[in-house]
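Below is one structure, written out as structure tokens; comments come after it.
Every read-out reported here was derived from the displayed coordinates using simple, explicitly stated rules and does not represent laboratory data. Please read all numbers here as calculations on a predicted model, not as lab measurements. Glycine also receives a Cβ, built like all others from the backbone with ideal geometry; neighbour counts cover every protein chain displayed.
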């Protein structure tokens, strides 16, 4: 009897396990159907019955979702409108790296209007949503939310660390990354950060020769290289710190400062400045920047290496170290002020790089072959109209106008490389033109692939790759670099006045100068002056200390005095200047020229 009972219990366990597996498989198939509907507008919009059937139980009667509502709404949304609605939801739902109660999202959707007319005022910053009736925006938001509830159940069951092409299922889910709410991604990602953090309390010293870094003319003199040589071998473990923890203690040779946080933050700021400069050979200013034309002129791209030769190991490791610094920034929220293009962030999250991404940093990159293709197209059209010989005219076009072109390409760094062996000596003809265009585009799209892949290896050695591959390029960039601008209102919310108040006249002038008269670059310099870092945290809850403003009393004319800062304490001693113009001049002089640091890490 005991044996029979044991077998019966085991049978029940197997049945329960099988039911759970079938349920999980069902949820995965439902997700795939919904992804097909969201990402392919040419397909039918019939949602799985089980998906809609659970909407009432999950969303409640107030947020009822029916197939008829979906069908009506579907016609209003294309990829651009979907993207803007997701952006609106991400920016207006309280983004948090900790579990967000579903009731908060429910409340957000309930508050959306049910009106059958557009609300151009509410969506003034979202041009694709301005003309869509509000009721359809609400319906679409409900669909996204329900999709996210299902995806949240499915994601822990699958291996997101697989490379593109290894799994059709993973590829399909990653193709829908734009439809997954940031809250969903960050909650799952943060759980993996906690599980993989370093438990060691040891914080290694990194010794910096700042004089050598400032005056040296070689890459080996830089702060970046000094940090790389001392910490690269152990960075994959040492950089797995928690929020606001330091990955190292900065020791500035020849100075008597104790690292209470200021030197550490300053070392990161200086390394970032070196990465986006000519001091290091790892990155170069993009072609648009060098010609001062087009957009993204301030973006730095990986340096170019001969396509048929291996990249030297020293460069490979330095690119990996860049990725490790990115991982450290994500974990500790000590953000990096680096200006890399979208194509780099895309490849880091394994998203496909497009021709448009290349043109965004090099507007002339495809001009020649596009013109050549257009010329051939025109020749063919003319010959069709005149019954001429297309091949003869195309051959004449290449031999007369394009006779000097061969199978080579000018790289983003200005060097010329062969597209095939012996390409310098192979002329482009009508017969091989299509092959040339294919190889040209392939080279330009993959020009930085190896370099970025080494950065990715470094990044994934510090943070888990799984849920990171669900981030969009812009989400990863913000996690590493912050918002890209200094939010003065956020800084105000985290300011303590030791002897005055926000309404005191010279304090009001101070905030007016920062918000109205300072450029973004000046705001960054100001942050470096008072805090040793060039970015603010992304969120209010990421502030570990308040910015303190104290009145600086002087014995002479107050308008002649300069402010003082305390980067370890995130503080500013501010003279009560009499006018806004004098406040601007003195602050601007201080942030531009006053960078001698010693003893208590005070800038004078």
Roughly what would the spin-label model give for residue 429 and residue 131, points 7 Å off Cα along C-beta, in nm?
5.1 nm
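Divide the volume of the convex hull of the Cα atoms of the range 488-603 by its number of residues and quote the answer in cubic angstrom per residue.
Numbers: hull volume 11.9 nm³, N = 116.
Given the Cα convex hull of the range 488-603, per-residue volume reads 103 Å³.
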Förster radius 56 Å - calculated FRET efficiency between residue 80 and residue 202 (Cβ-Cβ, nearest 0.05):
0.65
Contour minus end-to-end for residue 159 and residue 449, with contour as 0.36 nm per residue of separation and end-to-end as the Cα-Cα distance?
102.0 nm
Match the structure shown to one of the listed values [x] 339; [y] 433; [z] 251 of volume of the Cα convex hull per residue in Å³, computed from it, and give that label.
[z]
Arranged by the count of other C-beta atoms within 10 angstrom, fewest first, what order do 291, 222 take?
291, 222
Show me 26-39, 202-215 ranked by packing, highest mean number of other Cβ atoms within 10 Å first.
26-39, 202-215
Describe numerically, in nm with one decimal, the distance between label points set 7 Å from Cα along Cα→Cβ at residue 304 and at residue 253.
3.7 nm
Quick one: give the max-minus-min coordinate of the C-alpha atoms of the range 485-532 along each principal axis, largest first, in Å.
28, 21, 17
Label model pair residue 103, residue 46: point-to-point distance (7 angstrom along the Cα→beta-carbon line) in nm is 3.9 nm
Residues 325, 63 arranged by fewest to most Cβ contacts within 10 Å
63, 325
Roughly speaking, what is the centre-to-centre gap between the range 163-200 and the range 499-529 when only Cα atoms are used, to the nearest Å?
39 Å
